[in-house]
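J.: If you scroll down you'll find the structure; I have some questions about it.
The values are calculated or read from the model by the stated rules, or taken from the named source; none is laboratory data. All values reported here derive from a predicted model rather than from experimental measurement. We place every Cβ from the backbone using ideal geometry, glycine too, and count neighbours over all the protein chains shown. Accessible surface areas use protein heavy atoms only, side chains included; no ligands, DNA or RNA. Shrake-Rupley method; radii C 1.70, N 1.55, O 1.52, S 1.80 Å.
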Amino acid sequence: MELKIDTIYYLENPEDGISKFATGSQLRYGDIVKEVFGVADINDLLMMIQYNKSFQECICKAHGVTEDQIKLELIFRVASDEDLQQLKDNTLGQNNEGEILVKE
């Protein structure tokens, strides 16, 4: 019997007020990136960060950074200890698919 541990990611779209946690498997085989950001994949998300002015402004406002400080890791990253504590605290918000919705 082999134990397989999956990485948990934190995805946040400050423009639409959406925050979700997803496993690596969900990222590979699901439409979680499309659900959160409205784009097909990470490459499209990078283009959105680079060219979508309103999205840039929302990221800056949400994270207290300037446009030249925007990084993908602000909105799409491996979940930190703080993120995982938030996941633990919000387990009552589980939906039917088993994804955790974070309400702000």
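J.: Which one is surrounded by the most Cβ atoms within 10 Å (Cβ to Cβ), of the residues in the stretch 60-76 that are within 12 Å of the chain's Cα centre (by Cα) and within 18 Å of ASP16 (Cβ to Cβ)? Before the answer, list the steps.
T.: Step one: filter the stretch 60-76 for residues within 12 Å of the chain's Cα centre (by Cα), giving 72-76.
Imposing the further condition that a residue be within 18 Å of ASP16 (Cβ to Cβ) reduces the set to 72, 74-76.
Working: LEU72: 11, LEU74: 16, ILE75: 24, PHE76: 21.
Of everything passing the filter in the stretch 60-76, ILE75 is surrounded by the most Cβ atoms within 10 Å (Cβ to Cβ).
J.: Another one. Looking only at residues in the stretch 38-56 that are farther than 15 Å from GLU15 by Cβ and touching a residue at least 24 places away in the same chain (Cβ under 8 Å), which one is nearest to the chain's Cα centre (by Cα)?
T.: Among residues in the stretch 38-56 that are farther than 15 Å from GLU15 by Cβ and touching a residue at least 24 places away in the same chain (Cβ under 8 Å), the one nearest to the chain's Cα centre (by Cα) is ILE42.
J.: Looking only at the stretch 57-95, count every residue that is touching a helix residue (DSSP H, G or I) at 6+ places or on another chain (Cβ under 6 Å) and either under 16 Å from TYR9 (Cβ atoms) or among the small types (Gly, Ala, Ser) (or both) and tell me the total.
T.: Counting residues in the stretch 57-95 that are touching a helix residue (DSSP H, G or I) at 6+ places or on another chain (Cβ under 6 Å) and either under 16 Å from TYR9 (Cβ atoms) or among the small types (Gly, Ala, Ser) (or both) gives 1.
J.: Note down all Cβ pairs under 8 Å where the first residue falls in the stretch 1-29 and is under 18 Å from ILE49 (Cβ atoms) and open to solvent by 60 Å² or more (accessible area, probe 1.4 Å), the second is of a type in the set (S, T, N, Q) and at pLDDT 90 or above, and they're at least six residues apart or on different chains.
T.: Final answer for the pair search is GLU15/SER54.
J.: So, one more: Do you know which residues across the stretch 1-45 are within 14 Å of CYS58 (Cβ to Cβ) and aromatic (Phe, Trp, Tyr)?
T.: Selection gives PHE37 alone.
J.: So which residues in the stretch 60-104 are more than 19 Å from LYS34 (Cα to Cα), β-branched (Val, Ile, Thr) and at pLDDT below 95, if there are any at all?
T.: Once the filter is applied, which keeps residues that are more than 19 Å from LYS34 (Cα to Cα), β-branched (Val, Ile, Thr) and at pLDDT below 95, the stretch 60-104 yields only THR91.
J.: Let me ask you something else. Of everything in the stretch 35-59, what is within 21 Å of ALA79 (Cβ to Cβ), surrounded by 13 or more Cβ atoms within 10 Å (Cβ to Cβ) and charged (D, E, K, R)? Give them in sequence order.
T.: GLU35
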